[in-house]
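A quick write-up on the structure given underneath.
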Amino acid sequence: MDETDDTLMVKAAWLYHVGGLNQAETAERLGLTRARVNRLLADALEEGVVSITVDRQLAGMVPVEEALRRRFGLDFCQATPALELGGSDAPAGADKTGLSPAQKVAFRAVGLLGANHLRAHLAREEPATVGLGWGRTLEQMTLHMAGVSAPNARFISLMGSLTANSAFNPFELVHTLAKRTGGEGYFLPVPFIADTLEDKQVLLSQRQVAKALAIAGTATLCMISVGELEESALLRRQGMLSAADLDSLHAAGAVGDTNGIFFDAHGRPVEHPLNQRTIAVPFEVLRGLNVVLMVASPEKTRAAAALLASGIVNGLIIDGDAALSLARQP
């Protein structure tokens, strides 16, 4: 009987990581080429079948974590090691996702720490209701959530949908976590920016939308990320913002966004037509919830500092290079 790729991936992972065989021995045991085994092991990490834990306490980041915790009045701050991989080496080093190799490491590392935090919350909070933003950092978190059982957990998007084909869409993140944990998934079945103010009011009046927003307002944990307002920003790359939108947001004082809400250097939502049409859990509601911000790559430092100044964030999970950059900010 031919084995599926998933079965082979799990067997290769067990033989290599648990059995202690090297890649050549694993290939021989499974009757595969070494190149195939290498690919299966890479897929096992990418899909979260294998999780790697590193003792971050030995990385020398505790003083930086504590300084950031005190500075922004946080309950906790966790940082990955500072790997000194540099910033973006795009465009030459970037792939179709727009991430350089250095940025990919940062996103995966922060995703792993985020998954560990979410696992712990699901284990101690019964039942848990988890609100989710969107983006590549949170997508990486979902990839490290294999093997978690939380049938009583609820996962809810904190904003409307972006594009139908985006892997970073909040709908996809909610669906993935609900599937992996056996929990329930709830969505805001609306676009994250309505075409007009009138359209927004009509959408908000729908019972399913009101129900989803009510569930989000009871979240025991919210996991969000932050976006920078540059030409390379994911919203711009996804075609959700035009060049004219970017210019007008800058003119309004915006430096970043979270959940589609654009904010200034003090973390205050800016006066702008896009913010008026955004369908998302507002800052005033998030302020009363347990909100954890995930930050990957130093390019997001300015936007992260502004959002942290807003007072809506309770915990910070950040890559080491970005943490050092943030600590140096005045």
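Just one of the listed residues (L234, L249, L308) is under 28 Å from E125 (Cβ atoms) and in contact with a helix residue (DSSP H, G or I) (Cβ under 8 Å, 6 or more places away or on another chain), and it is L308. Do we have any residue at all in the range 222-239 that's surrounded by 18 or more Cβ atoms within 10 Å (Cβ to Cβ) and acidic (D, E)? Yes; the residues of the range 222-239 include at least one that is surrounded by 18 or more Cβ atoms within 10 Å (Cβ to Cβ) and acidic (D, E). V130 falls short on exactly one of the conditions (1) free of Cβ contacts under 8 Å to residues at least 60 places away in the same chain; (2) touching a Cys at 6+ places or on another chain (Cβ under 8 Å); (3) not hydroxyl-bearing (S, T, Y), and that condition is (1). The residue that is surrounded by the most Cβ atoms within 10 Å (Cβ to Cβ), among those in the range 305-323 that are in a helix (DSSP H, G or I) and among the small types (G, A, S), is A323. For the range 226-246, does any single residue satisfy the condition of being part of a strand (DSSP E or B), of a type outside the set (F, W, Y) and within 26 Å of A309 (Cα to Cα)? There is at least one residue in the range 226-246 that is part of a strand (DSSP E or B), of a type outside the set (F, W, Y) and within 26 Å of A309 (Cα to Cα).
Select from the range 256-282 the residues that are under 18 Å from the mean Cα position of the chain (by Cα) and of a type outside the set (D, E) and write down the one among them that is modelled with the lowest pLDDT. The residue in question is G260. Residues of the range 216-225 that are within 18 Å of N152 (Cβ to Cβ) and part of a loop (DSSP other than H, G, I, E, B): T218, A219, T220. Being under 21 Å from L177 (Cα atoms) and either touching a Lys or Arg at 6+ places or on another chain (Cβ under 7 Å) or at pLDDT 85 or above (or both): is that true of V10 here? When the stated conditions are applied, V10 passes them. Report whether or not S149 is hydroxyl-bearing (S, T, Y), surrounded by fewer than 19 Cβ atoms within 10 Å (Cβ to Cβ) and within 21 Å of S51 (Cα to Cα). Yes; evaluated as a whole, the condition is true for this residue. Given the structure, is R302 assigned to a helix (DSSP H, G or I), of a type in the set (K, R), assigned by TED's automatic domain parsing to the domain that holds D75 and closer than 26 Å to Q201 by Cα? Spelling it out, it is not the case that R302 is assigned to a helix (DSSP H, G or I), of a type in the set (K, R), assigned by TED's automatic domain parsing to the domain that holds D75 and closer than 26 Å to Q201 by Cα.
Selection over the range 272-299 of residues that are of a type in the set (V, I, T) and in a strand (DSSP E or B) gives a count of 4.
Of the residues making up the range 240-275, those that are touching a residue at least 60 places away in the same chain (Cβ under 8 Å) and small (G, A, S) number 1.
The values are calculated or read from the model by the stated rules, or taken from the named source; none is laboratory data. Keep in mind it's a predicted model, so treat the numbers as computed, not measured. Ideal geometry is used to build each Cβ from the backbone, glycine not excepted, and the neighbour counts take in all protein chains shown.
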